[in-house]
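Contents: one structure, followed by commentary.
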Amino acid sequence: MKKSLKVTFLIFLCSVITLHAQNRIETDLSGKGWKLWYDKNASWADDELYLPGTNITTIKTTIPTGGWNALDAAKEVSVPGTVEEYLQVKPGPEGDFKGVSWWYRTIHIPDAKSAGKLLLRFESARYRSEVFINQKLAGYDLTGNTPFEVDITGFAKPGETVQLALRVTDPGGNFDWHDGDAIKWGKYKVPGSHGFGGITGRVKLVTCAPVYVDDIYIQNTPAITEVCPQITIVNSNAKEVVRNIIVRVVEKKNPAIEIFRQEIKKVTLKPGENLIPTKISVPSAKLWDIDNPNLYVYKVSIVNRKNTIDEDNKVFGFRWFEPTGQGLDAMFRLNGKRIVLRTAISWGFWPTNGIYPTEEMAEKQIRMAKSMGQNMLSFHRCIGSPIVLEKADELGLLYYEEPGNYRSGQNIDNPFGHTLMHEKVMRMVKRDRSHPSLIMFNLINEMGEVSKEFMDVHVSDMVDAHKVDPTRTFTHTSAWCRSEDNEQARVHLRPNDTTVYWHGWFDFHHAGGPPVWNQDLYKNPTDYYNYNANKKDIVFWGEEGALSTPPRLER
């Protein structure tokens, strides 16, 4: 894919270092400083593949064809990036690259005192990632398109400069709107996705203390100015420790304005993960909505005696979105007020690298949608990009999200592929559950009738995902809901409700094209294509008309 976009923001030549606390340093490894080498002779088609959770010591190590010195011929590149962005000559899908590429750079490990953990965090890569530190295999991920972390504490030391290399394998994929095919990879079938290979998200190195904040989930509530944040703290020591935790809430635009502060004293943290639930009520908080996207930052500090040993934060908004009145007078409400959603689908293709937007492109898409009178966009047949949700949070646009290609990993006769898809769904929900702009998850686009055995698997996955984020609606499929008898197309879970509902939702598609509207669809005021007097169900016209190409945002 040839470059068609002039990047207008500055990318620093060196890594950006952010100090969060006395012992947490975040080094941004995105941007320039990377090199790319396409290993055209690499063997990969019949590889043994490994599921998440496999012990790294049991995974076979594969080095570059010709040895590590082969990387000397690499091309200077930036990350996020794809092989197609930098190496493709023949246009279109026919010029796609499959197979193995090596992405590498040197990184300096900050010389932080009392640093106990070194964590590499990848926003996403596609498809398989094998992570090497100084030519030793340190991490492996096969899920693709989702965040993963590699603990390199045993592979590097503070003050050292080391080589970071990723062996990325792209087994192929799709370049259009279809998302139903699994990818045959040797003896395996893995879920399909857009066929661009590379490091498709931002990368950072976190240097932190042995006891650190691992995750923050801002759980909104119907009492709109009340939220229930959940903090995950990891204690990597062999014994339990006692620490104080300080939480603060400040305005994102004006960090000096603090609206909440609380100290939780003498918290016992056992070895491993510790979930700390908290509660915040600020009646005077400014609400987040489409016209006034007010954002706050939830800050968490871990304190040992008087020293802050770790700190992290999460951007959020005070807002509540839900379907109400199902069975009588169904409608959506945002912050208690009725809202009619006006959305369009976004397939997840982007200028320049094919699969990941620049900050400029993410903002441009959202501003274009709002200028056309839309209040929502839908990640459609492809998992969303975090940078898009960040911009939607800032600018005030709602979003709907699908993992993409669920059907290719759903088969009960393909447990390997289903394990990967289940992991993808769970990572998607965990990654995006604190964004105020995100209001709804959907499992599959346009799923027809399936057997009871398949449906049991689908519902089980929905229930698992809803446990990770119980505050959002989670639908089974978009489309093909014509009658009360079609229960599978109506299945959904509602906010703060563990019931699996088989009624109360109506969704149908009319995606014929190229015309958006054909005049013969209308006969009279009560006889036209999408006439619907159904007040009992949420009526969600998932696709109305069709345009045959994604928007040309680079123009």
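The values are calculated or read from the model by the stated rules, or taken from the named source; none is laboratory data. None of the values given here were measured: they were computed from a predicted structure. Neighbour counts run over all protein chains shown; Cβ positions are idealised from the backbone, glycine included.
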| request: Considering each residue of the range 478-495, count those that are under 18 Å from residue 543 (Cβ atoms) and either among the aliphatic types (A, V, I, L, M) or not assigned by TED's automatic domain parsing to the domain that holds residue 451 (or both), and give that number. | output: 2
| field | Among (1) of a type outside the set (D, E, K, R); (2) over 17 Å from residue 199 (Cα atoms); (3) touching an Asp or Glu at 6+ places or on another chain (Cβ under 8 Å); (4) surrounded by fewer than 20 Cβ atoms within 10 Å (Cβ to Cβ) - the single one residue 69 does not satisfy | value | (3)
| Any idea which residue in the range 55-75 is nearest to residue 169 (Cα to Cα), counting only those that are touching a Phe, Trp or Tyr at 6+ places or on another chain (Cβ under 7 Å) and assigned to a loop (DSSP other than H, G, I, E, B)? | 64
| message | Every residue in the range 341-386 that is within 23 Å of residue 202 (Cα to Cα), out of contact with any Lys or Arg (no Cβ under 8 Å at 6 or more places or on another chain) and among the hydrophobic types (A, V, I, L, M, F, W, C), please. | response | 349, 350, 361, 377, 379, 382
| note | Within the range 256-307, restricting to residues that are acidic (Asp, Glu) and in contact with a strand residue (DSSP E or B) (Cβ under 9 Å, 6 or more places away or on another chain), the one that is surrounded by the most Cβ atoms within 10 Å (Cβ to Cβ) is 289
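Mind counting the residues in the range 27-60 that are more than 23 Å from residue 424 (Cβ to Cβ), surrounded by fewer than 18 Cβ atoms within 10 Å (Cβ to Cβ) and of a type in the set (Val, Ile, Thr)?
Qualifying residue count for the region: 1.
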| message | I need the full set of residues from the range 243-271 which are farther than 30 Å from residue 395 by Cα and aliphatic (A, V, I, L, M), in order please. | response | 245, 264, 267, 269
| said: For a quick check of your reading of the model, give me the residue pairs whose first member lies in the range 239-265 and is free of Cβ contacts under 8 Å to residues at least 24 places away in the same chain, whose second is basic (Lys, Arg) and buried (at least 16 other Cβ atoms within 10 Å of the Cβ), with beta-carbon atoms closer than 6 Å and at least 6 apart or on different chains. | reply: 258/248; 261/248
| message | For the range 153-189: of the residues being in a loop (DSSP other than H, G, I, E, B) and hydrophobic (A, V, I, L, M, F, W, C), which is surrounded by the most Cβ atoms within 10 Å (Cβ to Cβ)? | response | 156
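Just the residues that are under 22 Å from residue 470 (Cα atoms) and either polar (S, T, N, Q) or not in a loop (DSSP other than H, G, I, E, B) (or both), please, taken from the range 396-419.
398, 399, 400, 401, 406, 419, listed by residue number.
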| query | Quick check: is even one residue across the range 127-135 out of contact with any Gly (no Cβ under 9 Å at 6 or more places or on another chain) and assigned to a loop (DSSP other than H, G, I, E, B)? | reply | yes
| query | Going by the conditions given, is residue 228 closer than 26 Å to residue 147 by Cβ and either surrounded by fewer than 21 Cβ atoms within 10 Å (Cβ to Cβ) or aliphatic (A, V, I, L, M) (or both)? | reply | yes
| request: Within the range 166-180, identify whether any single residue is modelled with pLDDT of 95 or more, under 29 Å from residue 310 (Cβ atoms) and polar (S, T, N, Q), and answer yes or no. | output: no
| said: Condition (residue is assigned to a loop (DSSP other than H, G, I, E, B), in contact with a Ser or Thr (Cβ under 9 Å, 6 or more places away or on another chain), among the acidic types (Asp, Glu) and farther than 15 Å from residue 434 by Cα) applied to the range 260-277: is it met by at least one residue? | reply: no
